[in-house]
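Everything below concerns the one structure shown next.
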Amino acid sequence: MNFAPSFYRKAAYGVLAAALLLPISFLARPNQVSKETTEVVEATGGTIAQMRSKHNLSQASLSSIDPTSEVMKLASMGLHGIAVNVLWNQANDHQEKKAFDKVSATIDTLILLQPNFISVWEFQGHNLAYNISREFDDYQDRYYWVKEGLNFFTKGVGFNKRDHRIYDNLGLHTGIKLGNSDEKKQFRQMLRKDREFAETYVSSFINPDLFERPEAGGFDCWLLSYWWYDKSYNMRENLGVPKRTSDLMYWVKGPQQLRQYAEALSVDFRPGEPTRQAWNTAFQAWTDRDPVSGRQGFGRRDIRTSFGNIIRLEELERERERLMGISRRMDDLAPGVRETIKQEKIALLSPEDQRILAMPEKDRQFKERTEMIRIELDVRVYEEEVAKQAPAENRMAAESLLRELADGEYRTNQMDSYRYTVNYDYWRDFAKMESTRSGVLARQAAYEAADLIRLGILEDYEDEVTDENGVTTTVKKDGAISTLRRFFQHTSDAMLPFPGLHDGESTLIEDLMQDFAKYGSYLRDVGQEWPDDFPMQWFIDERVRRYGRTNIKNLMTTEDIRARQRERGLSEPSDQPETTDQSGTTDQSGTTDQSGTTDQSETTDQSETTDQSEATDQSETSDQSGTTEKSDTTEKSDTSGPAGTSGPAGTSGPTDNPKNDG
C-alpha cells in the first residue's frame, strides 16, 4: 500500500501531540483545594499553577468566581473578542436611542465577559453617572442615574480585588458628581436623607455612621468620598496591591475630601464651632497627621518622585534651613568672599538698577518689583564662585560642601515642584486661616450678608423685638452693607498672618475682588461713597503696589481717597493713621453660633497706611483694640441655615480647580 507523504506527517504530528500531553499535564496541573477551609493548598499544583498563586494571577486571586461569567467566557471560545465588540456597539446604540434600561442590561452582560478589565468599569461607570444622567431634565432622575453609576462601580470591587482603582473611582465620582456638579445643592440635600442608598449600596463596604454627621444634616457625600479613598489606602497598605498612579496624586485625594467637607459645611449651614473643627481636621490631615484615620498627614507622607527619590512635602522649610547652614559653613571657609563678589556684580549694574536695588522692598512699586527679578539674578552669588576663591588650605573642604549643597538643592527643587503641583502652601495656609476664630466670624458675616442681600435689605434698619415678658422694644440691626463691612474686618484679621494668601492669583483673591466691587455697587445704590476707613484698604493698596492698578479695576486706593479729601478741602490723614472700625452698626454675628461662641470681638483695624507716592506703605492691622462690636440683641443659635447658601460673590473661599490644585 502506497501512503502519501502527507499521511506520514499527520501521523508524526499525532504522536508528538500525545507525547506532549504528559509534560503539559505536569506543568498545568491545578492546585488542590482544602475541603475544610476551601482555600488553595500551596505547592500542590503544577509549575504554572504555582506561579499563578505566587504572583496572584489566578482567577481566584484577581476576583470572585462568577459561574455565569466563566461559562460565557468558555462558551464564546475564540469569539470572545468579537462578542465584546458587539456588546460595546449595542450599548452605544441603545444610548443614542435613549433606551437607557437596555444600556444597563447590555453593560451587565459586557462585564461578565470582561470582569477583570478595569477600563470597562471606569468607562461605563462614568458613562452612567455623567453622560446618561445629564440626558434627564429632572434633578431627581439625574440623582438616580448617578447612584446607578456608583452602584456599578461597587459591583466591580469583587471582580477586581487587587486593583485599588475601583475604590478611587468611587471616591472621585461620589465627591465630584454629588458634591461639585451644577445640581450639587439638590444632590446633597437628597443624599442627606437617602438612608436606602446608604444601607443598601454602601453599608456592605462602609459603615453609614462614618459619613453621617448631625452638623451636616445627615449623610455627606464628601465624607463618603473620603472613606472610599480610605478603602483604597487599606488595600495598598494591608494587601500590598500594586499602586497604579504616582504617589503624589494618590495620597493627596483623602485629605482633599476633608477640605471639601469643611468648605461644604461652611456654605450649606451657618458657620460655627463644627465648621472650625472641620477646617482644623482638614489642616491636620493636610500637614501632620490625619485625625480621622490616624494615618500620616499628606505633608509627612513619603512621596516617591519620578526620579526615584523619597521626599516629604512638609520638610521643605527644614531642608532650606539646612542648606543655609551649609552656606554659612562655606562662608567660614572663605571669609568675606561672598560679599566681595556681590559688590563687584553690583558695581557692574546700571545706575537705575542700583537705585532699585537700594530701595527698601516696601517702597518698590509694580515696575520696580518686576525689574528686581532680573536684578536679583544679576547680583546672585553662586556657591561655585565662593568655593573657587576659598583659600587653598580650605579648597577641598569647600568642594565637599559644594557637592552637599548640590544634592540638597536638587531635593529642595523636587519638593518645591511637587508642592506647586498640588498647591500645597496655599491650601495649608487657607485651611489654617479658616480654622481661626476670625475665619469663622468672617464666614458668619458672609452667610448673614447673603441672606440680607436676597431680602434686599442693604441699609441698617430698626426692628421691634418682644421679650418673654411681653415687652416690645425697638432695636437697630445691621443691613447688608454693615454686615459686609464686618465680613471685611474679620477677613482682614484672618488673612494678615498668612502673607502667602495675599500674593499671586487664587480663587480667594478673585472672590475678594468681586466682593469689593459688589460692596461698592451697594454703596452707590444707597447714595454712599467708598469709606475712608475701609477695613481691607491695605489689601487693595498692596495689590496695586505689586501688580499695578489694572489689577483692582475700579476700586479706590488710599491715594484716590486722599485726592478726594483734597478736592473737598479736607485735611489729609496723618502718615500713620490709626483706623478704628466705627461703623456704628450692630454686629448681628453677636448671635450664638453652633459652639455657643458670640461675636463680640474686640477688634480695631489699626491700619497704618501711607500712600506710596508720598511715603512708605506700612499697613499693619492688629486685633488689639478696645473697640467692641456688640449686638443689641442675641438671636437663637442656628445650626441649619439655608442649604446651599454661600457668602456674597463666592466669599465662601476657593474650591478645587486647576488654578489651585495644579
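The values are calculated or read from the model by the stated rules, or taken from the named source; none is laboratory data. Since the structure is predicted, the reported quantities are computational estimates derived from the model, not experimental observations. Neighbour counts run over all protein chains shown; Cβ positions are idealised from the backbone, glycine included. Heads up: the accessible areas ignore ligands, DNA and RNA and are worked out on the full protein's heavy atoms, side chains in. Shrake-Rupley method; radii C 1.70, N 1.55, O 1.52, S 1.80 Å.
Quick check on this structure: which one of F197, F153, F187 is assigned by TED's automatic domain parsing to the domain that holds Q296, free of Cβ contacts under 8 Å to residues at least 40 places away in the same chain and closer than 20 Å to D141 by Cβ?
Just a single option satisfies the conditions, and that option is F153.
How many residues does region 321-344 contain that are over 14 Å from L401 (Cβ atoms) and surrounded by 15 or more Cβ atoms within 10 Å (Cβ to Cβ)?
1
Is there a residue being within 30 Å of R276 (Cα to Cα), surrounded by 15 or more Cβ atoms within 10 Å (Cβ to Cβ) and without any contact (Cβ under 8 Å) to a residue 60 or more places away in the chain anywhere in region 446-464?
Yes: region 446-464 contains one or more residues that are within 30 Å of R276 (Cα to Cα), surrounded by 15 or more Cβ atoms within 10 Å (Cβ to Cβ) and without any contact (Cβ under 8 Å) to a residue 60 or more places away in the chain.
When you go through (1) open to solvent by 70 Å² or more (accessible area, probe 1.4 Å); (2) over 30 Å from M249 (Cβ atoms) one by one for N413, which number turns out not to apply?
(2)
So which helices (runs of 4 or more DSSP H) are wholly in region 287-372 and hold at least 1 residues that are touching a residue at least 12 places away in the same chain (Cβ under 8 Å), in contact with a helix residue (DSSP H, G or I) (Cβ under 6 Å, 6 or more places away or on another chain) and more than 30 Å from R395 (Cα to Cα)? Even if it seems obvious, please write down each step before you answer.
Working: elements: 316-333, 337-347, 351-358.
Result: 351-358.
Here's a check for you: in region 465-478, which residue that is in contact (Cβ under 8 Å) with a residue 60 or more places away in the chain and open to solvent by less than 80 Å² (accessible area, probe 1.4 Å) is farthest from G527 (Cα to Cα)?
Residues of region 465-478 that are in contact (Cβ under 8 Å) with a residue 60 or more places away in the chain, as a first pass: 465, 475-478.
Add one more test, that the residue is open to solvent by less than 80 Å² (accessible area, probe 1.4 Å), and what stays is 465, 475, 477-478.
Numbers: V465: 29, V475: 24, K477: 19, D478: 17 Å.
If we take residues in region 465-478 being in contact (Cβ under 8 Å) with a residue 60 or more places away in the chain and open to solvent by less than 80 Å² (accessible area, probe 1.4 Å), then V465 is farthest from G527 (Cα to Cα).
Look through region 150-164, keep the residues that are crowded, with 18+ Cβ neighbours inside 10 Å and not polar (S, T, N, Q), and return whichever of them is modelled with the lowest pLDDT.
F159
For region 390-398, check the following and say yes or no: at least one residue is part of a helix (DSSP H, G or I), of a type in the set (A, V, I, L, M), outside the structural domain of T550 (by TED's automatic domain parsing) and within 41 Å of the chain's Cα centre (by Cα).
No: zero hits.
Pairs needed: first member in region 233-252, open to solvent by 30 Å² or more (accessible area, probe 1.4 Å); second member anywhere, outside any loop (DSSP other than H, G, I, E, B); C-beta distance under 7 Å; at least 6 residues apart or different chains.
What qualifies is K243/R236; K243/Y250; R244/R165.
Of all helices (runs of 4 or more DSSP H) completely enclosed by region 133-198, which ones contain at least 1 residues that are in contact with a strand residue (DSSP E or B) (Cβ under 7 Å, 6 or more places away or on another chain) and either over 19 Å from Q256 (Cβ atoms) or small (G, A, S) (or both)?
Result: 184-192.
I'm checking my understanding of the structure. Among residues of region 416-445 that are touching a Phe, Trp or Tyr at 6+ places or on another chain (Cβ under 6 Å) and either surrounded by fewer than 18 Cβ atoms within 10 Å (Cβ to Cβ) or of a type in the set (A, V, I, L, M) (or both), which one is farthest from F498 (Cα to Cα)?
The extreme case among them is A445.
Go through region 497-543 and count every residue that is open to solvent by less than 30 Å² (accessible area, probe 1.4 Å) and under 19 Å from D363 (Cα atoms).
9
Right, R486: within 25 Å of S438 (Cα to Cα), of a type in the set (D, E, K, R), at pLDDT 95 or above and open to solvent by less than 20 Å² (accessible area, probe 1.4 Å) or not? Let's see the steps before the verdict.
On the way: within 25 Å of S438 (Cα to Cα): yes; of a type in the set (D, E, K, R): yes; at pLDDT 95 or above: yes; open to solvent by less than 20 Å² (accessible area, probe 1.4 Å): yes.
The answer is yes for R486.
Of A449, A480, A494, which residue is more than 30 Å from E371 (Cα to Cα), hydrophobic (A, V, I, L, M, F, W, C) and in contact with a Pro (Cβ under 6 Å, 6 or more places away or on another chain)?
Numbers: A480 fails: in contact with a Pro (Cβ under 6 Å, 6 or more places away or on another chain); A494 fails: in contact with a Pro (Cβ under 6 Å, 6 or more places away or on another chain).
Going through A449, A480, A494 in turn, just one is more than 30 Å from E371 (Cα to Cα), hydrophobic (A, V, I, L, M, F, W, C) and in contact with a Pro (Cβ under 6 Å, 6 or more places away or on another chain): A449.
Can you spot a residue in region 188-201 that is of a type in the set (A, V, I, L, M) and under 18 Å from S293 (Cα atoms)?
For region 188-201, residues of a type in the set (A, V, I, L, M) and under 18 Å from S293 (Cα atoms): absent.
Look at E572 and say whether it is surrounded by fewer than 16 Cβ atoms within 10 Å (Cβ to Cβ), part of a loop (DSSP other than H, G, I, E, B), touching a Lys or Arg at 6+ places or on another chain (Cβ under 9 Å) and modelled with pLDDT of 90 or more.
Values: surrounded by fewer than 16 Cβ atoms within 10 Å (Cβ to Cβ): yes; part of a loop (DSSP other than H, G, I, E, B): yes; touching a Lys or Arg at 6+ places or on another chain (Cβ under 9 Å): yes; modelled with pLDDT of 90 or more: no.
Judged against the criteria, E572 is not a match.
How many residues does region 89-111 hold that are at pLDDT 90 or above and touching a Leu at 6+ places or on another chain (Cβ under 7 Å)?
2
Being open to solvent by less than 10 Å² (accessible area, probe 1.4 Å), in a helix (DSSP H, G or I) and not assigned by TED's automatic domain parsing to the domain that holds I540: is that true of A494 here?
Criteria not met by A494.
Does M72 count as modelled with pLDDT of 70 or more and exposed (fewer than 11 other Cβ atoms within 10 Å of the Cβ)? Outline the logic, then answer.
On the way: modelled with pLDDT of 70 or more: yes; exposed (fewer than 11 other Cβ atoms within 10 Å of the Cβ): no.
No, not satisfied.
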